[in-house]
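Data block below; observations after.
The values are calculated or read from the model by the stated rules, or taken from the named source; none is laboratory data. On a predicted model such as this, the values are computed, not experimentally measured, just so you know. As a convention, Cβ positions derive from the backbone with ideal geometry for all residues, glycine included, and neighbour counts pool all protein chains shown.
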């Protein structure tokens with residue numbers, strides 16, 4: 001009898017473990033339509049990647065034309081296509097999970113500030129491997145920003161005419177961006193089925209991936225990289241305006257606003273079932289109202305900032321600091337209150353102290 005009870009207890013334990021592995025340790029209230037939430041998130045992601053993918057293809061074609069015929073018209077078209085792609089990147093850069101995480105898309109296309117010395121060294125030797133980690137600061141959008149904006153038109157065009165190595169490097173950087181983005185765009189078409197079926201909120205679920213990715217991106221890549229580091233708040237108190245995104249093209253704030261708008265639209269579900277609806281379904285209407293109010297405040301502050309961003313940091317740092325302070329206020333709501341109400345564990349680590 002003792003052995004029977006022992007085996008029965010073990011069996012019950014194993015079944016319970018099996019169910020935990022399958023379903024996670026969370027229970028989604030019936031009031032929450034998580035399937036609708038994930039389907040809508042999937043649609044947003046697929047649509048944004050499709051638009052971004054088309055833009056980098058157009059950018060690569062424009063750079064091919066510039067290399068074949070360096071002139072003012074082709075240069076301006078390449079700059080326009082770069083800006084369009086850079087703006088659309090802001091609509092997908094918070095989705096660094098799944099296919100994007102697998103190939104480290106962010107590291108491939110947008111590590112800044114760019115290392116101009118490394119770029120010039122690669123051009124001079126005509127010997128480089130853009131897949132090496134050491135070249136992350138010599139490729140992607142920041143490298144194209146430098147190559148297409150760092151000199152006056154006539155000088156830049158003359159350099160392209162006279163230097164085949166420069167033309168080859170420009171094309172190589174563009175093709176590298178295109179290759180990585182094409183891979184992620186195609187991979188999401190297959191990954192979407194897995195994404196919408198990873199229910200629950202435990203680690204590894206799609207909802208947990210969204211919440212964690214959103215928080216990590218908002219803190220490190222929006223708050224810090226776009227605002228805090230150039231201002232000096234997130235760089236040991238030393239202002240580093242030269243670390244601004246699109247430093248040479250001088251549209252840092254356009255990119256920051258585009259990114260914030262995409263973050264906000266993700267939260268709101270692009271007028272469909274978003275995190276706002278998820279919280280309301282959990283009865284957390286006050287939290288949702290607080291988040292939406294703070295998002296509105298941040299949008300107003302961001303709209304008051306101007307390009308070139310480095311100039312504003314130098315001439316009126318207080319208005320930038322005020323914006324940063326409002327961005328910071330959202331951290332607790334998003335990193336503590338929202339995950340707690342949703343039953344999501346924040347798994348990334350930082351040294352923020354908040």
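Numerical summary
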quantity	calculated
Single match in 135, 129 (criterion: without any contact (Cβ under 8 Å) to a residue 24 or more places away in the chain, assigned by TED's automatic domain parsing to the domain that holds residue 188 and part of a loop (DSSP other than H, G, I, E, B))	129
Residue count for the stretch 304-330, restricted to those that are more than 17 Å from residue 256 (Cα to Cα) and in contact with a helix residue (DSSP H, G or I) (Cβ under 8 Å, 6 or more places away or on another chain)	2
Residue among 161, 177 that is under 22 Å from residue 47 (Cα atoms) and assigned by TED's automatic domain parsing to the domain that holds residue 70	177
Filter result for the condition that a residue is closer than 26 Å to residue 281 by Cβ, assigned to a helix (DSSP H, G or I), without any contact (Cβ under 8 Å) to a residue 24 or more places away in the chain and not assigned by TED's automatic domain parsing to the domain that holds residue 344, over 74, 47	47
